[in-house]
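**Q** The structure's right below; bear with me while I get my questions together.
The values are calculated or read from the model by the stated rules, or taken from the named source; none is laboratory data. None of the values given here were measured: they were computed from a predicted structure. Cβ atoms come from the backbone with ideal geometry, glycine included; neighbour counts cover every protein chain shown.
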Protein chains: 2
Amino acid sequence: MTNHEVELNQLFSALSDPTRRGVLARLCEGPGTVSELARPYDMTLPSFTQHLKVLERSGLVRSHKEGRSRLYQVEPEQLKRVEGWLEQQRQVWEQRLDRLDDYLLQMKEKH
Amino acid sequence: MTNHEVELNQLFSALSDPTRRGVLARLCEGPGTVSELARPYDMTLPSFTQHLKVLERSGLVRSHKEGRSRLYQVEPEQLKRVEGWLEQQRQVWEQRLDRLDDYLLQMKEKH
DNA sequence: TTAATACTTAGGCACATGACTAACCATGAA
DNA sequence: TTCATGGTTAGTCATGTGCCTAAGTATTAA
């Protein structure tokens with residue numbers, strides 16, 4: 001598997017969980033500490049920090065220690081990567097529809 | 001969990017596998033049968049059809065029987081759904097940057 | 001009607017994931 | 001220095017995922 005493929009795997013699978021999507025959405029509003037981010041979720045802290053680790057491993061967020069807290073923030077570059085992949089598929093799809101249109105048009109003109 | 005959340009889970013997790021992303025990319029070029037789609041992959045047919053089921057469950061593709069073959073094709077609506085979610089996050093993110101700019105500008109003006 | 005083709009079903013196995021408890025370390029406040 | 005706060009580490013457990021083999025069904029071709 002290429003490096004790029006592995007990254008896409010991690011990005012999509014990081015986004016496949018509602019807790020993680022929620023945290024990411026929250027972080028788009030501004031940085032936050034572990035316990036701030038955890039507050040809305042009915043989950044023990046160790047379970048929650050696992051989600052943060054998955055997000056960080058995917059590159060969607062990064063963190064650093066600040067005193068005894070850890071501050072998280074989004075890394076929007078990686079979101080663009082996902083958008084890029086989708087964009088590409090859409091282009092292929094739309095090109096194909098265009099070719100199909102041309103084809104149907106040609107058929108029409110012949111008769 | 002809301003219905004919409006479950007759908008996003010399924011969409012993102014369907015896209016988190018390179019075989020499935022490959023099949024989807026292939027299907028953007030036009031419809032194909034199970035064995036056509038399977039050909040590029042070094043995998044038994046039952047394993048491969050599992051991937052097709054995941055894609056279909058997510059709504060990214062649909063299929064129907066045609067003689068003894070089954071034809072698959074993309075369902076671009078669901079791709080848009082994923083793009084929609086990403087778009088939304090980006091907007092929140094960009095709004096926040098704008099507010100931050102304003103704030104920094106005001107600080108500058110005060111001094 | 002027999003045989004080949006195109007899938008499908010059933011069942012099993014290894015490893016990943018997402019949750020938990022219990023106990024631990026590190027920093028800041030009293 | 002003692003205690004509370006904010007996170008971390010380690011270990012367990014149930015369930016999900018992705019692969020396999022073996023055997024089945026359904027349709028078409030000979």
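**Q** For segment A:29-65, give me each residue that is part of a helix (DSSP H, G or I) and hydrophobic (A, V, I, L, M, F, W, C). Steps first, please.
**A** Step one: of segment A:29-65, the residues part of a helix (DSSP H, G or I) are A:34-38, A:45-58.
Selection gives A:V34, A:L37, A:A38, A:L45, A:F48, A:L52, A:V54, A:L55.
**Q** Next question. Consider B:E36 carefully, then state whether it is away from DNA strand D (no atom under 14 Å from the Cβ), surrounded by fewer than 18 Cβ atoms within 10 Å (Cβ to Cβ) and away from chain A (no Cβ under 13 Å). First the steps, then the outcome.
**A** Working: away from DNA strand D (no atom under 14 Å from the Cβ): yes; surrounded by fewer than 18 Cβ atoms within 10 Å (Cβ to Cβ): yes; away from chain A (no Cβ under 13 Å): yes.
Yes, satisfied.
**Q** Residues of segment B:1-28 being at pLDDT below 95, loosely packed, with under 13 Cβ neighbours inside 10 Å and assigned to a helix (DSSP H, G or I), which ones?
**A** B:N3, B:H4
**Q** Cβ-Cβ under 7 Å, sequence separation 6+ or interchain: first residue in segment A:31-45 and within 10 Å of A:T19 (Cβ to Cβ), partner part of a helix (DSSP H, G or I) and polar (S, T, N, Q). Which pairs?
**A** A:Y41/A:T19
**Q** Among the candidates A:P31, A:P46, single out the residue that is loosely packed, with under 13 Cβ neighbours inside 10 Å and closer than 23 Å to A:S13 by Cα.
**A** Just a single option satisfies the conditions, and that option is A:P46.
**Q** What residue, of A:Q50, A:Q106, A:Q91, A:Q10, is within 11 Å of DNA strand C (Cβ to nearest atom) and within 30 Å of B:Q73 (Cα to Cα)?
**A** Details: A:Q50 fails: within 30 Å of B:Q73 (Cα to Cα); A:Q106 fails: within 11 Å of DNA strand C (Cβ to nearest atom); A:Q91 fails: within 11 Å of DNA strand C (Cβ to nearest atom).
None of the others qualify; the one that does is A:Q10.
**Q** Looking at segment A:40-81, which of its residues are in contact with a Leu (Cβ under 8 Å, 6 or more places away or on another chain) and either among the acidic types (D, E) or modelled with pLDDT under 95 (or both)?
**A** The answer is A:E75, A:Q78, A:L79, A:R81.
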